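Structure incoming, see below.
Bear in mind these aren't lab numbers, they're just calculated from the coordinates by the rules spelled out. Note that this is a predicted model, so its numbers are computed, not measured. Cβ atoms come from the backbone with ideal geometry, glycine included; neighbour counts cover every protein chain shown.
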Amino acid sequence: MELIEFFVTIGYSITLMYMLLDFEVKRKKDIYLMGILMTLLLLCGGFVWQSLGYQSLMILYPIFVQVPLFIGFWFISKYKGIKLLFVLLTVIVLSSPPMLIGHIVSTFIGYNNVILRIVCLTLYLPITVIVYKYFRPLFVYMLRNTQKGWGMFCLIPLSYNAFTYLLGRYDVTIVREAPILWLDTSVAILIIAAYVLILRLFRQTREQFILQNQQTILAMQVSAIQERSDTIKESEERAIIYRHDLRRHLHLIKGYLDENKLSEIKKYISEIEKNIINTETIKYCDNNAVNLILSAYINMAKNKNIMVESQVYIPKDSEVSDMDLCIILSNAIENAIKACMNIKDSNARRVDISCKPKNDRLLIQVTNNFVGEVEFVEDMPISAEENHGFGTKSIAATVQKYSGLCSFTAERGVFKARVIL
C-alpha cells in the first residue's frame, strides 16, 4: 500500500506541475529527458526504500523527489528560476490537504493506516479537478503577466514547507499526534487562504487592466466615429458643390472641345478625378467597430509615413466579441506603429494587417519592420521604457478568455504578432 501511495503521489505532483506551468511540448527530446529523469528518480527512491526503509525515504523525500522534479521541469518548462521554484513549492502545498484530511478522518477510527491512505488516494482526483478549474486560470495569468516580486511570493509556500518538514519530516507517526496534526492543519488553512487572497488580488488587477483597455478602445472608437462623421459631412458638402459646379465643368469642357484643346481636357478631368477620390471613404472590413479602429490607426500610420497593407475579413457569426477584436488589433497595430517610428528611413516603414478565418478559427496577424533588438522573457516581448509593454499582455489576457493561442516573434528585422481564436 505504501508503494502504491508513493507512485500515485509522484504522479499527482507531476500532473499539478504540468497544469500550473501551462506546459507546452515543443521538443520530443525534452519529454525523453523528463522520462529518463523520472525513471532514475523512482529507481533511487526504490533503492533507498529497500536499503533504509520507508521512514528514511520520507526524511530524504526532498532530495529524491522534490529536487529532481525541479531539475527535470527546468529542461522542459518555459518558466525557469524563481517562477519554477514557486510552482514547485505550490505543488508541495497542494499535496498536503489529502494527507491532512486522511489523518483527520483516521483519528475517528483509531488511526488506521489503510483508511488514511485510501482517503488520500481518493482525494487526489477531485483536488486535481478543483485546481484545474478554479486555481489554474488565475495562477497561469499571474505567471504570464508578473515579472517582479516572485521572491516574496516564494516565502509563503516555502515557510509552510519548512514548517511541515521540521515538524514531522513527512513521518506519518509524528504527524498523526493530535497537537501536531491540528497545528499543521491550521497552518495549511492559513497558507491556502493567503493564496486565495493573492489570486483574488491578481484577478481584480486583471479586471481593472481589461477595463482600462476597454475604456481606451471606446475612446478610440468615439474619436474614430467623430472623425468619420466629419469626413462624411465634408464629403456631402463637396458632393453638393460638385453637383452645383457640374454645369460649369461641362461648359468648360465643351469650350475646350470647340477649341480642340485635348491636353487641357485631360488635365482638367484628372484634377476632377483626384478631388473625387479624396472624398471617398475607405472601408477596411464589414465589421463596423473594427473598421472604425482600423480607420483611426491606419490614418495615424499614414500620417507618420508608414506604408500599411490590410486584408481583414471577420465572419458575421464569429464568437469573438467586437470589443475583444478591437483590443487585440488596436494594441498590435499601435505597437507596430511605435516600432516603425524608430526606423529613420521612411521607405522602410511597413505594417501588414491580416485577419481571416482558418480551420474554424480566426487568425489575426500583424507584422512590422523594426530596428534594434527585441528582448523576450518567457516568449513575451518586454519593453524597458516606463509604462510600456502592456499591449502584448493585454493581447495575451484577451486571448486567454477564448482559450486561444498567441505568439510573438522577431526575426531578421520583422516583428510578427500572431493570434488564433
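At a temperature of 4 °C and a viscosity of 1.567 mPa s, determine how fast segment 90-168 diffuses translationally according to Stokes-Einstein, using the Kirkwood radius over alpha-carbon pairs as Rh; express D in µm²/s, rounded to the nearest whole number. Please report the intermediate quantities before stating the final value.
Values: Rh = 14.5 Å.
The diffusion coefficient I find is 89 µm²/s.
Now for a separate question. Using modelled amide H (1.01 Å from N, peptide plane; none on Pro or chain starts), what sits under 5 Å from the amide H of Asn287, excluding residues fewer than 5 places away?
Ile314
A further question on this structure: Using a 7 Å offset from the Cα along the Cα-to-Cβ direction at both Phe376 and Leu43, what is the distance between the two label points in nm, to one decimal?
Between Phe376 and Leu43, the simple spin-label model gives 3.5 nm.
Hey, rough spin-label estimate for Thr122 and Ser354, points 7 angstrom out along Cα→Cβ, what's it come to in nanometres?
Using points 7 Å along Cα→Cβ, the separation is 5.5 nm.
If you plug each phi of segment 185-193 into the Karplus form 6.51 cos²θ - 1.76 cosθ + 1.60 with θ = phi - 60°, what whole-Hz ³J(HN,Hα) values come out, in order, with x for Gly and Pro?
Running phi through 6.51 cos²θ - 1.76 cosθ + 1.60 with θ = phi - 60° gives 5, 5, 5, 4, 4, 5, 5, 5, 4 Hz.
If you place +1 on the Cβ of every Lys and Arg, -1 on the Cβ of every Asp and Glu, and leave all else neutral, what size is the dipole of segment 283-421 about its Cα centre, to the nearest 20 Debye?
440 debye
Say the cut-off is 18 Å between C-alpha atoms; which of Lys304/Lys338; Lys283/Lys316; Lys316/Lys356; Lys266/Lys302 go over it?
From the list (Lys304/Lys338; Lys283/Lys316; Lys316/Lys356; Lys266/Lys302), the Cα-Cα distance tops 18 Å for Lys266/Lys302.
Another one. Enumerate the calculated ³J(HN,Hα) couplings along segment 333-343 in order (Karplus 6.51 cos²θ - 1.76 cosθ + 1.60, θ = phi - 60°), each rounded to whole Hz, writing x wherever the residue is Gly or Pro.
Rounded to whole hertz, the list is 6, 4, 4, 5, 5, 4, 5, 5, 5, 7, 8.
Here's something else I'd like to know. Take the Cα atoms of segment 283-421, find their three principal axes, and give me the spread along each one in whole Å, biggest first.
42, 35, 27
Based on the Cβ-Cβ distance of Asn288 and Tyr32, what FRET efficiency does E = 1/(1 + (r/R0)^6) give at R0 = 60 Å, to the nearest 0.05?
Calculated transfer efficiency: 0.70.
Asn303 versus Asn347, label points 7 Å from Cα toward the beta carbon: distance in nm?
That separation, rounded to one decimal, is 2.6 nm.
Still on this structure, I have one more. Between Lys401 and Ile82, take the C-beta separation as r, use R0 = 25 Å, and let me know the FRET efficiency to the nearest 0.05.
Taking R0 as 25 Å, the efficiency between Lys401 and Ile82 is 0.35.
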